[in-house]
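Derivation of every value follows stated rules applied to the coordinates shown; laboratory data play no part. Here the structure is a predicted model, which is why all the values come from computation and not from measurement. Counting neighbours? That spans all protein chains shown, and the Cβs are built from the backbone with ideal geometry, glycine included.
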Ligand code: SRM
Ligand SMILES: Cc1cc2nc3c(=O)[nH]c(=O)nc-3n(C[C@H](O)[C@H](O)[C@H](O)COP(=O)(O)OP(=O)(O)OC[C@H]3O[C@@H](n4cnc5c(N)ncnc54)[C@H](O)[C@@H]3O)c2cc1C
Ligand code: SF4
Ligand code: FES
């Protein structure tokens, strides 16, 4: 069973930005959208492993910094016509604190 | 709120494209009902030719399958022809009694082939060429019969003839005029075309008038007789002599028609509740028969149906391509000319190449090309933009390829390329892959091809070739975006210029404000418009607008170049390519301390350190204690210099000294794209000033300034701007030029693209002739630079950007 871990406060992540979380399973990218939702994906693009945490966030999408694939933050799926998927993790937001299920 | 009812009559390419555009703009405004007389969902009619030629199957050419209609809650009545419009009660009636009420009605009934009213025209085996039904009839006939006659030597007729010939029939094309495709080609090009089609086995009867079609006892056509009394056998006759807009339905409802349903610039008929698009309409007296203009109409019509009401359709210039594999032919605009026009002609009969350009007062108005059409879309764009080509005239005929834009291996003719040949060297995409995607995914624009195949999506040097493949695959359906009115990105319909103007005039200083005022379609833009808006806002309101790091590409946010493994590179600034023992020692120490083993001297006269982890960047900068080289930014990169008069036996000016000075004045300059400068001490030009954004060459009596050179994807030689005497003047003139570029270029245009767009004469007028303007430009530049900071300086580093979180 995976546990909820307190990772950061919402303020630690810039709106339309992201932070990297170093974990035993590798880097996790935490994103914050303009509507203050928080999403977590493994920090590897399905294309050639680019660090998604370094991309530009718009809507609920991040553009990979290496070759510009768009990845949906909600489910980790590449936006058509590209095909691929990055593993996502559950997050929750409580009283301004961000939790990650890991 | 109750939804409005929209009914569309005619389930073809123009109508469905209009619905697609409408659904993008206002997905929930209407309950939509569609009537189609054919039993199929919307398919790609123009691909009937490849289907006939056996290159594709019907299933491949469906554009919107039944699921698409279901997903958008569209009520679809297939195989139902609408026969009456009751305008008083706003109801349409189909043949089988089905009715539908409407608030808005969209007529998109297309057209039907014109059948010559000669005796025998109703015999079996005499058909037009319009839909899947006709195509099946032709494929079946080719299995059973031998002799085919195609009446009409235009685009459609030749594509039909080619398909039938490939299916083994003996085909004769009968044409009334003295040469083929007389509406698109002049005689010289048509002769070349005819010769290549003859080589494929087709026969031709030109200037031949059909008198009658003769039938067998079974009631099927068996021969065709001409006015001169001669006859040839024919088991299948395809009439491709023209189309008639389907206006009967509209006319019966009392809607004004005149060789087409008459519409205004908003695609409205005389009844304001009824719109019409496609081949059935007559707009400003013209009825179009190619899809590109119909798509333009669809876009405007959707805008009005969505109640946005800002678009106008003002007519289209069309271009033509024949979709016969192995034949390259292109024509656009007015290619016949008259006493007020001039022609440039290249005719290589043996090589099978013919090109004619028609100019009127230095504006290109028409082009015909045969055999080598790679520049077709380039010329077409110039025709549509009405661009003045005076400056290009000398090499206009040699085309854009003259300036690059070829495939990776330098090939430039799409027709001659085998499917396996690489088109795009960056993404390794072959011609076959591009063609397949265009056909199977129903792609019509360069952007769509880029998205689906990645071809031409990176460095863009193969764009011309990809456009050519697109044009020869979809024929006249391809229309390059007119540069003048190209929107910034999918989030808006506004151009870069319109957005910049609004930012300036309405003093918009923040990106969300811009998006709100200019009614962006997306909540926070996309990865393409946000960086542009950030630059525009900062450039228009220096010291007032706030930078938005989240709208910058990672390189500019982390002040280093991201590498394929996610690490970064660090390039410290070395003024004018000069350094010192102390600096080199410090670099060596940093390399040891952070175990940096990959060190390289760049092409820009400085040193690059590779493989640095993001979290280490601030420490590396602090230890280096050198300013940022901005090697990652849309900003001033390097000022390359040569040895100059200090040491060199030929040097006549102190190029090193001037280069260092220029770099120290300009080093914090940000710009639409990167800027590179070079200063050479004499005309031997060892610093390569001839391919820089600003290139300066010392001569005995002063300095020559060159601008808009580029050494990258397409090498462009810089153009002479002015000669000045003093170093102060070099600074003022170069600075003024760069500020003009900063204020007016589209984001991601290098100086060469900007100057190409506005013309060197304009630049000279602003920077050289108008002294007050030059001084004001230079002053604005200095003002903007005054408070720029070194992003690497410890006090400017944002720790949140670099420190990772941990559990
Ligand atoms: C490091 C360097 C190669 C080297 O080892 O010599 C280099 C490296 C890159 N160049 Fe370059 N270019 C380098 C000199 C050049 C030059 C030569 C010059 O500046 O004298 C050119 C041709 C001159 C010109 O730009 O007009 C050059 C033309 C390009 C282009 C094509 C630009 C164009 O408009 O056609 C790109 C692509 C782009 O910018 O979109 C590019 C892009 C790149 C990028 C940034 C690719 C990227 O987006 O990641 C490379 C970054 C590698 C890295 O991580 O550091 N690089 N690049 C050179 C750095 C010079 C410096 O000190 O800043
Ligand atoms: C073989 C072929 C090759 C072509 N090649 C090219 C090319 O290379 N490049 C290019 O640009 N163009 C090409 N065209 C032309 C292009 O296909 C047309 O311009 C385009 O399809 C017209 O679109 P539309 O929506 O106006 O008409 P259509 O696509 O014809 O759609 C009209 C539809 O309305 C239906 N309809 C009509 N009346 C009624 C009614 N009363 N009730 C219900 N339904 C009705 C018709 O059955 C038809 O399905 C080609 C055409 C053909 C036939
Ligand atoms: S450094 Fe420049 S030329 Fe070399 S691979 Fe990178 S982008 Fe291409
Ligand atoms: S690695 Fe992400 S787009 Fe290539």
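Brief remarks on what is shown
- Percent antiparallel among DSSP beta bridges (both partners in the protein assembly as shown, rounded to 5): 70 percent
- Rg then Dmax, both in Å and based on the Cα atoms of segment B:554-704: 16.3, 51.
- Mean separation of Cα contacts under 8 Å (6+ apart) over length of segment B:149-261, as relative contact order %: 26 percent
- Dividing the radius of gyration of the alpha carbons in chain B by their Kirkwood radius gives 1.04 for Rg/Rh.
- In this simple spin-label model, placing a label point 7 Å from the Cα along the Cα-to-Cβ direction at both residue A:85 and residue B:597 gives a separation of 3.9 nm.
- Theoretical gain in end-to-end length, residue B:772 to residue B:758 [0.36 nm per residue, Cα-Cα removed]: 3.0 nm
- Cα gyration tensor shape for segment B:710-807, rounded if a/c is under 1.5, else prolate or oblate: prolate
- Order of B:144, B:2 under a 10 Å beta carbon neighbour criterion, fewest first: B:2, B:144
- Mean Cα-pair separation over length for segment B:196-317, i.e. relative contact order, pairs under 8 Å, 6 or more apart, %: 14 percent
- Legend: ranking of residues B:737, B:610 from fewest to most surrounding C-beta atoms inside 10 Å; resulting order B:610, B:737.
- Full-stretch length increase - residue B:216, residue B:565 - with 0.36 nm per residue and alpha-carbon distance subtracted: 118.1 nm
- Rg(Cα) / (2.2 N^0.38 Å) computed for segment B:1-152, rounded to two decimals: 1.22
- Rounded to 5, the percent of DSSP beta bridges in chain B classed as antiparallel: 60 percent
- Estimated at 0.36 nm per residue, the fully extended path between residue B:66 and residue B:266 surpasses their Cα-Cα distance by 69.0 nm.
- Segment B:426-477 versus segment A:46-102: alpha-carbon centroid distance in Å: 28 Å
- Looking at segment B:568-722, the DSSP beta bridges with both ends there are about 70 percent antiparallel.
- Whole-number percent relative contact order across chain B, with pairs defined as alpha carbons under 8 Å at least 6 apart: 7 percent
- In terms of Cα atoms, the Rg and Dmax of segment B:226-371 work out to 20.3, 61 Å.
- Centroid-to-centroid, using Cα positions, segment B:323-370 and segment B:569-596 are 57 Å apart.
- Scattering profile of the protein assembly as shown at q = 0.10 Å⁻¹ [log10 I(q)/I(0), Debye over alpha-carbon scatterers]: -1.24
- Label sites at residue B:258 and residue A:12, each approximated as a point 7 angstrom past Cα along Cα to Cβ, lie 7.3 nm apart.
- Using a Förster distance of 60 Å, the FRET efficiency for residue B:664-residue B:55 (Cβ separation, nearest 0.05): 0.45
- For segment B:695-720 versus segment B:223-293, the spacing of their alpha-carbon centroids is 56 Å.
- Residues A:66, B:185, A:6 in ascending order of nearby Cβ atoms (within 10 Å, fewest first): A:6, A:66, B:185.
- Cα gyration tensor category, rounded, prolate or oblate, for chain A with a/c compared to 1.5: prolate
- Shape call, segment B:758-797: gyration tensor on alpha carbons, a/c limit 1.5: prolate
- Here the calculated FRET efficiency for residue B:623 and residue B:342, from their Cβ-Cβ distance with R0 = 41 Å, stands at 0.05, rounded to the nearest 0.05.
- In this simple spin-label model, placing a label point 7 Å from the Cα along the Cα-to-Cβ direction at both residue B:349 and residue B:807 gives a separation of 8.1 nm.
- Once the Cβ-Cβ distance of residue B:140 and residue B:325 is raised to the sixth power relative to R0 = 25 Å, the FRET efficiency obtained is 0.65.
- Residues within the reach of a label modelled at residue B:391 (point 7 angstrom out along Cα to beta-carbon, backbone nitrogen below 20 Å), restricted to segment B:692-720, are B:692-697, B:704-720.
- Equivalent-ellipsoid semi-axes for segment B:77-170 (Cα gyration tensor, √(5λ), whole Å, largest first): 36, 14, 13.
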